[in-house]
Amino acid sequence: KMSSGAADLRQRKKQNCTESDKMAPEERNKENSKLGRSPKYMLIQRFAKLFFGCLAAVTSGMMYAVYLSTYHERKFWFSSRQELEREITFQGDSAIYYSFYKELLKAPSFERGVYELTHNNKTVSLKTINAVQQMTLYPELIASVLYQASGSEEVIEPVYFYIGIVFGLQGIYVTALFVTSWVMSGTWLAGMLTVAWFIINRTDTTRIDYSIPSRENWALPYFACQVAALTGYLKKNLNCSAEKFCYLLVNASTYTFMMMWEYSHYLLFVQAVSLFLLDSFALAQTEKVHEVYRIYLFSLIVGYLLQFENSALLVSPLLSLVVALMLSKSLQMNMKKSTFVSRLLKIMYIYLVLTVAVTLNFLLKMFIPHKENEHLLKFIEVKLGLNTTKNFTMNWLLCQESLQAPSQDFFLRLTQSSLLPFYILVLIICLFSVTQVIFRRICGEPLKETVKLEDGRIGERPEIVYHVIHTILLGCLAMCLEGMKYLWTPYVCMLAAFGVCSPELWMTLFKWLRLKAVHPILLALILSMAVPTIIGFSLWKEFFPRIMTELTELQEFYDPDTVELMTWIKRQAPVAAVFAGSPQLMGVIKLCTGWTVSSLPLYNDDDLLKRNENIYQIYSKRSAEDIYKILTSYKANFLVIEDSICNEVGPVRGCRVKDLLDIANGHVVCEEGDNYAYSKYGRFCHEIKMNYSPYVNYFTRVYWNRSYFVYRINTVISFQS
């Protein structure tokens, strides 16, 4: 019975494809005959529209990539720098990612390079790590293969090739957003407006300016391609060839996205929730939605196998939701055909899916050993006010700007570029229209097979409903965490541009207003061209001079103290030396010198988090003996103290590293709004600079400049006074 049911389903899909392919030309021919146009003329017109739209999309992506490259050159004077000075521009986790790319290129063979990364014991002292799994180094593996296979060694330097790929992906990102808006609105004018808003609001749409090799800069372009393909796939009356192309592109981009970013399954979970709500209200073809669920399932299984049996994927909420949806739909499909039962099941469907998903996720976490970012779950508890903590790591994360609520400046910038007002307008119209459609569905009214412009029912288009739900969910996350704005704002640009360029949206609005003085269809067509044109000219007049100023203005990034420190380490420190200091600085030391370090700026491993907290104690009020024991437990030979952290004057007093350490160590007591500090010892980073006992017994200063103080950790303790 199951096999016959599946065969029937496939047969129905084939019939639907065949019917839509046959009906589409007939309907178009009827319309053309009414307008007095020949099919040949319409074919040429459609081809010209497609050609110039694709040309505009590709050109927009290429120009954005060139813009990023030019801006990066102006900001860092990259071409005129030495290799060491270039590498210093990679800060924090970016330095670690690029350092592994360098190691792959230096390896005698690609296989040997991969083996050294998967059995890496030269990066962190006393620890062997699988860097490919732990740090998701698939982008670096791909970049190194492309660099060597393309014969680029004699043409371009490795660093230019690396950042060039990232900038190229950002161009693909913009092109995908262009295409998504174009597919939704039917005009590539919407794509041009999307790109304009994206670039103008670059501070809030991408982190490319601050962290080029970050995982999201590699991954989000693939997600944008997936969203573009999914938008086309969800459309009604799509011919078979276009549907198959969209389906294959959704497959490829979903899998690639999951391999590029360790947190990708969380973003796909948000997307799956959007599709679940879309299907629950019967606003899309159930078969198509369930095909996407199967893509999720396939990507999770293949990702689990290729990511060294990553158990985090097995306990991810995405897997639990997808399995729950498939089980619930199977139950629904196997129910007897009864009006009462079907309506009751529709009411209970959402509750059933959520219950099964939560239960399944709980059971998986019970029986599958995993390290699914437990610190992330604890952070969420503290962030929501469900718990309080004095833990240094938790409080440090809470103090990060990207993990706080968005500031008023964020909304002000979006309003000044006119993006936020138009997004709210489009969202309100779409939401009201979707609500009307849902009410009609509850009353038993079927959806129209084809929605015409004069109908004014934009809420009946499944791809529009999906994007409305998706942006609302991402917006809710962005309102809680500022870092989530980089996921939300690009789709705000896309949805707002689609809305103002869509005649259907204006027609939906005029249907509600019941315009009689002017023909509503004509007015909708005029506004869909006039409004984006006016917006485009105003943006050009106000923001184009600023963008050109950015490209022509020479900025200077020079850090002589860090250059001197790295030069001293390479010349004076023993090759087998282990350095200790702040995780951010350790990443730069690893990249620029290749020396082993005691910690890394990574926050997905409990052991590394504990190391970071312990080594940060050099900025706390603890004794020289305590610090010596901590450092020697990690086999550190040299200690680097940063004056910027030791004498930090932060805008938020309680968020300085030394303040957080004092709270964690119990050296600060808060009573009735007042802070009382007490400790037997002074702050270590201050006291060690005084060069008196007992500090000189454990540490010997070997190098210093305005920003850094380097101490050798004595192997034989001297107790001279």
Reported set for the stretch 556-583 where residues are surrounded by 11 or more Cβ atoms within 10 Å (Cβ to Cβ) and outside any helix (DSSP H, G or I) is 557, 558, 559, 573, 577, 578, 579, 580, 581, 582
Is it the case that the stretch 52-75 has a residue that's farther than 26 Å from residue 179 by Cα, open to solvent by 70 Å² or more (accessible area, probe 1.4 Å) and outside any helix (DSSP H, G or I)?
no
Residue list for the stretch 124-140, filter: open to solvent by less than 20 Å² (accessible area, probe 1.4 Å) and over 24 Å from residue 72 (Cα atoms)
124, 125, 129, 131, 132, 135, 136
Among 191, 164, 171, the single one that is open to solvent by 10 Å² or more (accessible area, probe 1.4 Å) and either at pLDDT 95 or above or in a helix (DSSP H, G or I) (or both) is 164
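Need at least 2 residues that are among the polar types (S, T, N, Q) per element, so show me which helices (runs of 4 or more DSSP H) inside the stretch 384-482 make the cut, counting only ones lying wholly within it.
Numbers: elements: 392-399, 408-416, 419-442, 462-480.
Counting at least 2 such residues, we get 392-399, 408-416, 419-442.
Suppose we filter the stretch 103-127 for residues that are free of Cβ contacts under 8 Å to residues at least 12 places away in the same chain and of a type in the set (A, V, I, L, M, F, W, C); how many remain? First the steps, then the outcome.
The initial filter retains those residues of the stretch 103-127 that are free of Cβ contacts under 8 Å to residues at least 12 places away in the same chain, namely 106-109, 111-112, 115, 119-121.
The next check asks that each one be of a type in the set (A, V, I, L, M, F, W, C); those that pass are 107.
Count: 1.
For every residue, the table says whether it meets (1) within 22 Å of residue 484 (Cα to Cα); (2) free of Cβ contacts under 8 Å to residues at least 24 places away in the same chain; (3) surrounded by 22 or more Cβ atoms within 10 Å (Cβ to Cβ).
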residue: 238; (1), (2), (3): no, no, no
residue: 247; (1), (2), (3): no, no, no
residue: 258; (1), (2), (3): yes, no, yes
residue: 280; (1), (2), (3): no, no, no
residue: 298; (1), (2), (3): no, no, no
residue: 325; (1), (2), (3): no, no, yes
With respect to residue 226, determine if the residue is modelled with pLDDT under 95 and in a helix (DSSP H, G or I).
no
Can you find even one residue in the stretch 141-155 that is open to solvent by 10 Å² or more (accessible area, probe 1.4 Å), under 29 Å from residue 464 (Cα atoms) and of a type in the set (Val, Ile, Thr)?
no
Report yes if some residue within the stretch 103-123 is open to solvent by less than 10 Å² (accessible area, probe 1.4 Å) and charged (D, E, K, R); otherwise report no.
no
Cβ-Cβ distance below 7 Å, separation of 6 or more or different chains: which pairs start in the stretch 44-71 with a residue that is more than 14 Å from residue 165 (Cα to Cα) and end on one that is hydroxyl-bearing (Ser, Thr, Tyr) and assigned to a helix (DSSP H, G or I)?
57/175; 58/175; 60/175
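The values are calculated or read from the model by the stated rules, or taken from the named source; none is laboratory data. What you are looking at is a predicted structure, and each value in this text was computed from that prediction instead of being measured. Here the Cβ is made from the backbone with ideal geometry for all residues, glycine too, and neighbour counts use every protein chain on show. In case anyone asks, the SASA skips ligands and DNA or RNA and just uses the protein heavy atoms, side chains included. Shrake-Rupley method; radii C 1.70, N 1.55, O 1.52, S 1.80 Å.
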